[in-house]
Amino acid sequence: MNFHQETSLVRTIRERCRVCYTCVRECPAKAIRITEGQAQVIAERCIGCGNCVRVCSQGAKQVLAEGDRVRELLAGPGPVAAILAPSFPAEFEHVEWTALVGGLRQAGFRYVNEVGFGADLVARQYRHLLETSSDERFIATSCPAIVAYVERYHPDLVDRLAPIVSPMIATARALRRLHGGELRVVFVGPCVAKKGEAMSALVGEEVDAVLTFGELWDFFAAEGVDLSKAAGSDFDPPFAGTGAVFAISRGLLQTAALEENLMDQEVVVADGRTNFLEALKEFESGDLQARLLEILACPGCIMGPGMTTTAPLFTRRGRIGRFAREMAQRRDPRLWRHSMDLLADLDLSRAYEAQDRRIPAPFNDEIDMILQRMGKYGPEDELNCGACGYETCRDHATAIFKGLAESEMCLPYTIEQLKSTVKELAVSNDRLASAQEALMQSEKLASMGQLAAGIAHEVNNPLGVVLMYAHLLLEQAEKQPEIREDAAMIVEQADRCKRIVANLLNFARQNKVARQPVNAADLARRTLKALAVPATIRTAVEVLTDDPVADMDGDQISQVLTNLISNAVAAMPDGGRLTIRIDGDERDLRLGVEDTGIGIPRENLEKIFEPFFTTKQIGKGTGLGLAVTYGIIKMHRGDISVHSNADPAAGPTGTTFSVRLPRTMNDDFATLVSLEP
């Protein structure tokens, strides 16, 4: 196979990746890098175990496809052999094995052979190795994922790898001995790592292409091969013996007539992601003193990632066992021994090469810094929940240091970040709502101001004439009571119109805030003193802060207090208590005007700041006082709120207006909420 050794065996389909980190958790080599939430397989670190393919529920992992390569081989001039892994009976559960062989021949393969025979050759070689090397310890090399893992992550154990090829390579060498060097070989099996093994320059170009069982189904469909209609056919010799069970965990031991003795532990078997990692660590440390360590990345090849069957483990084992028994009854053992003797001198050796992919671990203080960035300041914060795909929080931090992971992979950290973001968004939303409300009110006021200015301008001049002549008429009617009473009414109503026009002009005036430090307590006392408060109303100014000074426009805030005090007095026709409270903190100054009057009905509370809304009798108010007050407060970048009770049954009646003013102002916001039309 003309591929580079570090060609990516598995790649991620970004559109399907859902950021679940399952592949990270299941990858024994930690060959998955998370970048911007996407899982990327690192070719030079990948061992081809295919765990990421097997566990990805979204189908986001794609195995290197070689269907086109097989078509090229079949279209070539030389013969092509398909060699079937011993696990094939577990995959093709509803297909007779003779139909499978016939289907392969229909697709164009000259020879169809069992890799089980290569397993027989390899098993004999292992038995010979242990018999002639009594003092050495070996790691079995039938699983290419294990070989790749040792070469990359336990390079000190490379010399412990048994110098024996896998059954796939053994079968390819045997067939080339029998059929000539022009033969092309295609391996069909359950393993992704076999693709990497076939690419390795250390075993030569023994196997020309590798198809997983899933790829073979696709190949049959593309070539129009219907296995239910395929003519039955037998395998080509040499036939497999006990190597037919090689795909099951401990199959090597049975094929080689070796025994896993739990008392002496001369031979130890481990399979699956967790077990093989632990076995290698103990083997390297010397805690495991086995002469032969037989380890598989999967729980037997029958559970490989290239399988498409959904049958459980022991159902698959049963299918393998039944096929092996059928073949044992069908085959002539003398023919098998003849084939074994014929190939007794076949070279089954191979070499290995350390390809150290280990990344130096960071120092503890570097890990601590990374953990602290994720809000983990002590052991009690390290939940070790595994949601990120790493066993512990420190493993995750180490992966971040190595550039393989991101902080956002930590679920508790991400949740806290989201909570913080939600809080910040809530604050921003409140500020935006307040600003929007201020802008809407300002727009209303500006529109009303333009209208008021126009009305005042048009009415003011003729009103002045009416008022002047009304006063002249009143003077001339001193001795005519019947005329004087009518003239007095004209003067009174004209004066009222004058006041209304004056209020309209004040409302429409294009004011800006002229800020300067003002003592709010003194301002409140002066304003209260300037107003004619009835003797039946008790007044008080309560200062609850040591610093009543803030930057404000004194005249405008005085107008605010005047409006609020006037409304409070009007709400207490029978007397009561009026209290002005001044409080604050380092950031804000708060003014409160509280009365014990009749209160404001609940249905009116949302309308009181609208221009020209009033509950006073005709002639008693214009409805502009609170609208102007609201605009002034907003120009000061402050807030005004009201709490009122008009129902005696619910408790004491009365109203409290609360004003918040920042001690310092922002010019941009003041301009934003300016009342200029």
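FYI, it's all coordinate maths here, none of it is from the lab. Treat the numbers as computed from the prediction; the structure is a model and nothing was measured. Every residue, glycine among them, receives a Cβ derived from its backbone with ideal geometry; neighbour counts consider all protein chains shown.
Work out from phi, with θ = phi - 60° and the Karplus expression 6.51 cos²θ - 1.76 cosθ + 1.60, the ³J(HN,Hα) of each residue of the range 604-609, listed in order in whole Hz, and give x for Gly and Pro.
9, 4, 7, 10, 5, 8
Per 0.36 nm of contour for each residue apart, how much would the distance between HIS643 and ALA231 grow if the chain were fully extended, relative to their Cα-Cα spacing?
Numbers: separation 412, 0.36 × 412 = 148.32 nm, distance 9.20 nm.
Additional length available on full extension: 139.1 nm.
Just need the relative contact order of the range 196-340 here, percent rounded to a whole number, with Cα pairs under 8 Å and 6+ apart. Each step should come with its number before you reach the end.
On the way: 116 pairs, mean separation 35.9, N = 145.
It rounds to 25 percent for the range 196-340.
Counting other Cβ atoms within 10 Å, which GluC sites (Glu not before Pro) in the range 18-55 have at most 13 and lie in a DSSP loop?
GLU36, GLU44
Can you tell me the relative contact order of the range 548-610? Whole percent, Cα pairs under 8 Å, sequence separation 6 or more. All intermediate terms of the calculation are to be shown ahead of the outcome.
Details: 52 pairs, mean separation 19.1, N = 63.
Relative contact order here is 30 percent.
Can you tell me how the range 113-261 classifies by the Cα gyration tensor, rounded, prolate or oblate, using a/c under 1.5 as the rounded cut? The partial results should precede the final answer.
Details: a/c = 1.93, a/b = 1.57, b/c = 1.23.
It comes out prolate by the Cα gyration axes.
Restricting to DSSP H runs of at least four residues, report the calculated mean residue ellipticity at 222 nm for the chain, -39500 (n - 2.57) per run over all residues, nearest 500 deg cm²/dmol.
Working: 22 runs with 297 residues, N = 677.
So the helix-based figure for the chain works out to -14000 deg cm²/dmol.
HN-Hα J couplings of the range 513-521 from phi, Karplus 6.51/-1.76/1.60, θ = phi - 60°, integer Hz, Gly and Pro as x?
3J(HN,Hα) across the range 513-521, in whole Hz: 7, 9, 7, 6, x, 10, 7, 5, 5.
Using a Förster distance of 51 Å, how high is the FRET efficiency between GLN355 and ARG330, based on the Cβ-Cβ distance and rounded to 0.05?
Here the calculated transfer efficiency is 0.70.
Which of rounded, prolate or oblate describes the range 18-140 when judged by the alpha-carbon gyration tensor and an a/c cut-off of 1.5?
Numbers: a/c = 2.13, a/b = 1.19, b/c = 1.78.
Judged from the Cα gyration tensor, the range 18-140 comes out oblate (a/c at least 1.5, b/c at or above a/b).
Taking amide H atoms as placed 1.01 Å from N in the peptide plane, list the residues 5 or more away in sequence, or in a different chain, whose amide H sits under 5 Å from that of MET552.
Residues meeting the criterion, in which the H sits 1.01 Å from N, are GLN516, VAL518.
Filter the GluC sites (Glu not before Pro) in the range 224-298 to those in DSSP coil with at most 10 other Cβ atoms within 10 Å of their Cβ, and list the result.
Details: sites: GLU259, GLU260, GLU266, GLU278, GLU282, GLU284, GLU294; in loops: GLU259, GLU260, GLU266.
Answer in residue order: no site qualifies.
Using the charge dipole of the chain (Lys, Arg: +1 at Cβ; Asp, Glu: -1 at Cβ; taken about the Cα centre), state which of ALA399, GLY625, TYR149 has its Cα farthest towards the positive end.
GLY625
Which residues' amide hydrogens lie under 5 Å from the amide hydrogen of ILE139, considering only partners 5 or more residues apart or on another chain, with H built in the peptide plane?
LEU161, ALA162, LEU293
Using 0.36 nm per residue, how much length does the chain from GLU284 to MET369 gain when fully extended, once their Cα-Cα distance is taken away?
On the way: separation 85, 0.36 × 85 = 30.60 nm, distance 3.14 nm.
My answer for the length gained is 27.5 nm.
List every residue whose amide H lies under 5 Å from the amide H of GLY306, counting only residues 5 or more places away in sequence or on a different chain, with H placed 1.01 Å from N in the peptide plane.
Amide H neighbours of GLY306, under 5 Å, 5+ apart: CYS191, VAL192.
From Cα pairs below 8 angstrom and at least 6 apart in sequence, can you work out the relative contact order of the chain, rounded to a whole percent?
Details: 1147 pairs, mean separation 79.7, N = 677.
So the answer I get is 12 percent.
Using the Cα centre as the reference, give the magnitude of the dipole from point charges on the C-beta atoms of the chain (Lys, Arg: +1; Asp, Glu: -1; all else neutral), rounded to the nearest 20 debye.
Values: 74 positive and 92 negative charges, 212 e Å.
Magnitude of the dipole: close to 1020 debye.
For the chain, what is the percent of antiparallel DSSP beta bridges, rounded to the nearest 5? Walk me through the numbers before you get to the answer.
Values: 34 of 62 bridges.
Just about 55 percent of them are antiparallel.
Which log10 I(q)/I(0) values does the chain give at q = 0.07, 0.11 Å⁻¹ under the Debye formula, counting every alpha carbon as one identical point scatterer?
With one equal scatterer per Cα and no solvent, log10 I(q)/I(0) is -0.64, -1.08.
When Lys and Arg each count +1 and Asp and Glu each count -1, what net charge do the other residues less than 14 Å away from LEU227, Cβ to Cβ, add up to? Intermediate results must be reported in sequence, preceding the final value.
Details: positive: ARG105, LYS229; negative: GLU91, GLU93, GLU96, ASP218, GLU223, ASP226.
Around LEU227, the surrounding residues sum to -4.
Which of the three applies to the range 248-329, rounded, prolate or oblate, going by the alpha-carbon gyration tensor with a ≥ b ≥ c and a/c under 1.5 meaning rounded? Don't skip to the end; give the middle numbers.
Numbers: a/c = 3.34, a/b = 1.51, b/c = 2.22.
Oblate, since a/c reaches 1.5 and b/c is not below a/b.
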